[in-house]
Amino acid sequence: MIKKLMAGELSLGDTFWKFGILGMTLVIFLVRMFGSFLAGKLRGVSLATYYSKYFNPLNMDTGIVISTCLYLGSLAIFVWYSVIIFSGIWKSSSKYDKSSWIKQIARIFTLLLLIMSYKIVF
């Protein structure tokens, strides 16, 4: 499925709405959820500050370590998924031959979707 998505073999509508809009919304939700779990455990201290000043491997808070792994893992999935979505929608729109307007609108909205997604997450 991922191979077909990246190659642009799925329809433009499915690629844009199902994988682009709905899929990106779910991935952003996961990143924000894990980020809020981590922020609640860190209590206002930044992640870099915690691991450079307060982290002690002999007496570590397992909840913070697990939350950090989940948060950073979800960020990695977000970046990976956004590259796949961008590639898939762009290639699918290039194969779309019914209307050049829809092709260009899908590309513009894909760029806007990625810009807004990265502003929400970072």
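The values are calculated or read from the model by the stated rules, or taken from the named source; none is laboratory data. Everything numeric here is computed off the predicted structure, so don't read it as measured data. Quick reminder, even Gly has a Cβ in these numbers, built from the backbone with ideal geometry, and neighbours come from all protein chains shown. Just the protein is used for accessible areas: all its heavy atoms, side chains included, with ligands, DNA and RNA removed. Shrake-Rupley method; radii C 1.70, N 1.55, O 1.52, S 1.80 Å.
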**Asked** From GLY44, GLY63, which residue is exposed (fewer than 12 other Cβ atoms within 10 Å of the Cβ) and modelled with pLDDT under 95?
**Response** GLY44
**Item:** Hey, SER74 open to solvent by 60 Å² or more (accessible area, probe 1.4 Å) and either on the phi < 0 side of the Ramachandran plot or in a helix (DSSP H, G or I) (or both) or not
**Value:** no
**Request:** Consider only pairs whose beta carbons are under 8 Å apart and that are at least six residues apart or on different chains; among these, list those whose first residue lies in segment 1-26 and is in contact (Cβ under 8 Å) with a residue 40 or more places away in the chain and on the phi > 0 side of the Ramachandran plot and whose second residue is open to solvent by 50 Å² or more (accessible area, probe 1.4 Å) and of a type outside the set (Ser, Thr, Tyr).
**Result:** GLY8/TRP90; GLY8/LYS91; GLY8/LYS95
**Request:** Please determine, by comparing only the residues of segment 1-38 that are within 15 Å of ILE120 (Cβ to Cβ) and open to solvent by 60 Å² or more (accessible area, probe 1.4 Å), which one is farthest from the chain's Cα centre (by Cα).
**Result:** SER36
**Fill in**
Those residues of segment 82-106 which are closer than 18 Å to LYS4 by Cα and either open to solvent by 30 Å² or more (accessible area, probe 1.4 Å) or without any contact (Cβ under 8 Å) to a residue 24 or more places away in the chain (or both) amount to VAL83, PHE86, TRP90, LYS91, SER94, LYS95, TYR96
**Asked** Do we find a residue being more than 13 Å from PHE34 (Cβ to Cβ), in a helix (DSSP H, G or I) and of a type in the set (D, E, K, R) anywhere in segment 54-65?
**Response** no
**Prompt:** With (1) under 30 Å from GLY13 (Cα atoms); (2) surrounded by 12 or more Cβ atoms within 10 Å (Cβ to Cβ) as the list, and THR68 as the residue in question, which single condition is left unmet?
**Reply:** (1)
